[in-house]
Amino acid sequence: MMRRGLVVGNWKMHGMNADLPKICEIAEGAAANPGVDVALCLPATLIERAHRVAPGLPIGGQDIHQKREGPYTGSVSAGMLLDAGARLSIVGHSERRAALRESDADIRAKAETGFEAGLGVILCVGESAEVRRSGQAVAEVEAQLRACLPRGAVDDPFRLAIAYEPIWCIGTGTIPTLLEIMEMHAVLRSGLLVAFGPRAAEIRILYGGSVNAANARTIFALPEVNGTLVGGASLDSHEFTGILRAAAVQI
Ligand code: PGA
């Protein structure tokens, strides 16, 4: 089995025309680290331009609507992302689960629509601080995984990645203990194996939440950590390239 490291940037609601040079710098960083898969998930408005200035860098969206098309004002479909040049998308990010009340069923539908359209899918799961304090983190994340996994994903396991993103670590500068990360990644790997059988060994499990160039190597050294989903630090091309280098050395 060949499981390459995967480092994905999530620019969230950041990114204008003036940031295109930064995207080119990230593409150069990716080209300099050919042993690692790299992608950048951008606002839908920037995807086509990013794809044009950095054609070798896989560009992704940050959400997919469940339906292929229709009367859904303001939404973007999987087909539209592909048409703009995207190759993948995040689904189920906790910021959307919380602010837009996306349910596990919605997220599964999004993942399946994306998969059927031919996109790579990064499915996010993760517990809140409250759930972590109550001792229910493992049960909650296992349940999210079971409820959101797209059917059919195992036909092409390399196109699915799971991002474990504890909500209390996103944008906070805090990361879990290494033991907590290890425990959750092991739980996710077993959940994938139960759901999909041995081919699930190829699905990458990413850690996300306050990853930066300084802490990446320690996190990547953990078993079952196959890469990362990076928010804030992906907006700084030097910092993000530092994370890529760490992945190239450690994963
Ligand atoms: P962060 O965000 O790296 O800024 O903590 C991670 C994410 O939300 O994917």
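The values are calculated or read from the model by the stated rules, or taken from the named source; none is laboratory data. Everything quoted here is computed from the prediction, not taken from an experiment. As a convention, Cβ positions derive from the backbone with ideal geometry for all residues, glycine included, and neighbour counts pool all protein chains shown. Just the protein is used for accessible areas: all its heavy atoms, side chains included, with ligands, DNA and RNA removed. Shrake-Rupley method; radii C 1.70, N 1.55, O 1.52, S 1.80 Å.
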Checklist outcome for this item: Taking r as the C-beta separation of residue 45 and residue 199 and R0 as 35 Å, the FRET efficiency to the nearest 0.05 is 0.45
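Between the DSSP loop rule and a limit of at most 13 other Cβ atoms within 10 Å, which trypsin sites (Lys or Arg not before Pro) in the stretch 45-147 are left?
Working: sites: 49, 52, 67, 68, 87, 96, 97, 101, 108, 110, 132, 133, 146; in loops: 67, 68, 87, 101.
Here the sparse-neighbourhood loop sites are 68, 101.
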Next on the checklist: Based only on Cα atoms, what mean projected area does the convex hull of the stretch 117-216 have, in nm²?
Outcome noted: 6.7
Item to check | residue 53/residue 179 FRET efficiency (R0 35 Å; Cβ-Cβ; nearest 0.05) | outcome: 0.25
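Tell me, in nm to one decimal, what length is gained between residue 68 and residue 3 on full extension, where the rule is 0.36 nm per residue of separation less the Cα-Cα distance?
Values: separation 65, 0.36 × 65 = 23.40 nm, distance 3.08 nm.
Computed gain between residue 68 and residue 3 is 20.3 nm.
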Checklist entry - Considering only 243, 215, 195, whose Cα is most displaced toward the positive end of the charge dipole of the chain, charges sitting on Cβ of Lys, Arg (+1) and Asp, Glu (-1)? => result 195
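Write down the Kirkwood hydrodynamic radius of the stretch 1-44, to one decimal in angstroms, obtained as one divided by the mean of 1/r over all alpha carbon pairs.
Values: mean 1/r = 0.0866 Å⁻¹.
About 11.6 Å for the stretch 1-44.
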Checklist entry - How high is the FRET efficiency between residue 155 and residue 103 when r is their beta carbon distance and R₀ equals 22 Å, given to the nearest 0.05? => result 0.30
Next on the checklist: Suppose each label sits 7 Å from its Cα in the direction of the beta carbon; what would the residue 133-residue 83 distance come out to in nanometres?
Outcome noted: 4.7
Checklist entry - If we count every other residue with Cβ under 13 angstrom of residue 191's Cβ, Lys/Arg +1 and Asp/Glu -1, where does the sum land? => result -2
Checklist entry - At a probe radius of 1.4 Å, what is the per-residue accessible area of residue 237, in Å² to the nearest 10? => result 10
Checklist entry - Between residue 28 and residue 140, what is the label-to-label distance in nm when each label sits 7 Å out along the Cα-to-Cβ direction? => result 4.2
Item to check | Rg and Dmax of the stretch 179-251, Cα atoms only, in Å | outcome: 13.0, 39
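Whole number in Å², please: accessible area per residue of the chain, 1.4 Å probe, ligands, DNA and RNA not counted. Walk me through the numbers on the way to the answer.
Numbers: 11070 Å² over 251 residues.
Value for the chain: 44 Å² per residue.
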Item to check | Hz values of 3J(HN,Hα) by residue in the stretch 48-56 - Karplus curve (6.51, -1.76, 1.60), Gly and Pro given as x | outcome: 5, 5, 4, 4, 6, 7, 9, x, x
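Report the charge-dipole magnitude of the stretch 91-166 in Debye, nearest 20, computed about the Cα centre from +1 at each Lys and Arg Cβ and -1 at each Asp and Glu Cβ. Each step should come with its number before you reach the end.
Numbers: 10 positive and 13 negative charges, 20 e Å.
My answer is approximately 100 debye.
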Checklist outcome for this item: Of all C-alpha pairs within the chain, those more than 24 angstrom apart amount in percent to 41
Item to check | Computed P(r) (all Cα pairs; the stretch 1-109; 5 Å bins; percent) | outcome: 2, 12, 21, 22, 18, 13, 8, 3, 0
